[in-house]
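Readers should treat all values here as calculations from the given coordinates under stated rules, not as data from a laboratory. It should be emphasised that the depicted structure is a prediction, and the values quoted were computed from it without experimental measurement. Cβ sites come from the backbone with ideal geometry, for glycine too, and all protein chains shown count toward neighbours.
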Amino acid sequence: MIALSVLASPASAQASRTWVSGVGDDVNPCSRTAPCKTFAGAISKTAVNGEINCLDPGGFGAVTITKSITIDCHEIFGSILSAGTNGINIAFDSFGATDVRKTVNLRNINIQGFDSGIIGIRIFGAGTGTFANIEDCLVNGNFGSTATGIADQRTNGTLNVVNTTVRDMGGSGITIASAAGGLIKATLSNVRVINAASGVAVGTGAAVHLSNSLVSSNSVAGISISGGGVNVDDTTIPFNAIGIKQTGGTVNLSNSDLSFNSSGVSGTVLSYSNNRFTSNGAGGTITAIGTTSNPTGLQ
């Protein structure tokens, strides 16, 4: 009887690769020929370190992730309709003790808040040795006053966001702050954050490198830092109420454009000489760093 119960255990039935489809059904095994309907249905039938793929376009529902997994909808652009809730929760505290990779990969997913979404992608938990990778995604339309596109609230961990757009948020587009005195290391590359309150908000316990990106048309600030540190490189920051708002922490700016902001900076920004400041309102302090400085055109 013991042997039979082991053979029938749910873990033994989990596949390393599963599929979802707009015409699928969660009672199915989530195989390619019998796909599931939702990400939540598929994840329960996918093994640790496995992968969920999309067979066709569809709204595949909100999901909570509690194991290392890849959700990859390349070529299809799978959607999550997250009105009134979070789109994706990554709960690292719920990962099993034997899940040594502690890595989540999200690719080519369209998360639509429909004006009442709360957080598009929420990452939380103690998080030591954890990795969250978000690639080629769109997070759109969480218009609640505190709604956020991507929120990393772990104690520790690594975040990589690549070629992703976050837009139309009532709160911050991307917010990164350690929950309890740890360190979150974040790389944001080729991201576009448009029409939020603060485009990128960085708090205590965060070390963020933002590069090759656009942060535009945000009602409070393009980049807002209250703690931690931010290095900004090769990034365009136009049409915000404040281009960069610093109330704590440190901002280093290199090879970037701040233009047409109501105020270029608030607080103190450390600037290399290769930045370009054009048509910004006055305010804040820009401190030259590096081997040379070019004070012309700072405001």
>> Being buried (at least 19 other Cβ atoms within 10 Å of the Cβ), over 21 Å from the mean Cα position of the chain (by Cα), in contact (Cβ under 8 Å) with a residue 24 or more places away in the chain and part of a strand (DSSP E or B) is true for just one of VAL215, VAL230, VAL269, VAL191. Which residue is that?
In response: VAL269
>> Every residue in segment 109-118 that is crowded, with 20+ Cβ neighbours inside 10 Å and either in a loop (DSSP other than H, G, I, E, B) or hydroxyl-bearing (Ser, Thr, Tyr) (or both), please.
In response: GLY113, GLY117, ILE118
> Taking segment 154-176 on its own, how many of its residues are closer than 25 Å to LYS67 by Cβ and either among the aliphatic types (A, V, I, L, M) or in contact with a Lys or Arg (Cβ under 7 Å, 6 or more places away or on another chain) (or both)?
Replying inline: 6
> Here are some residues: ALA126, ALA132, ALA83. Which one is assigned to a strand (DSSP E or B) and in contact (Cβ under 8 Å) with a residue 24 or more places away in the chain?
Replying inline: ALA132
> Only one of THR128, THR175, THR155, THR164 is β-branched (Val, Ile, Thr), out of contact with any Pro (no Cβ under 9 Å at 6 or more places or on another chain) and surrounded by fewer than 18 Cβ atoms within 10 Å (Cβ to Cβ); which?
Replying inline: THR128
> Which residue out of ILE69, ILE121 is without any contact (Cβ under 8 Å) to a residue 40 or more places away in the chain and either surrounded by fewer than 23 Cβ atoms within 10 Å (Cβ to Cβ) or within 15 Å of the chain's Cα centre (by Cα) (or both)?
Replying inline: ILE121
>> Anything in segment 144-184 that is assigned to a strand (DSSP E or B), more than 20 Å from ALA91 (Cβ to Cβ) and not aliphatic (A, V, I, L, M)? List them, or say none.
In response: ASN163, THR164, THR165, ARG167, ASP168
>> Of everything in segment 86-103, what is surrounded by 15 or more Cβ atoms within 10 Å (Cβ to Cβ), out of contact with any Lys or Arg (no Cβ under 7 Å at 6 or more places or on another chain) and either in a loop (DSSP other than H, G, I, E, B) or on the phi > 0 side of the Ramachandran plot (or both)? Give them in sequence order.
In response: GLY87, LYS102
> What pairs come up if the first residue lies in segment 35-59 and is among the aromatic types (Phe, Trp, Tyr), the second is part of a loop (DSSP other than H, G, I, E, B), and their beta carbons are under 7 Å apart, counting only those six or more places apart or on different chains?
Replying inline: PHE39/PHE60; PHE39/GLY61
>> Being of a type outside the set (Val, Ile, Thr), farther than 24 Å from GLY171 by Cα, buried (at least 18 other Cβ atoms within 10 Å of the Cβ) and without any contact (Cβ under 8 Å) to a residue 40 or more places away in the chain narrows it down to one residue among ASN280, ASN275; which is it?
In response: ASN275
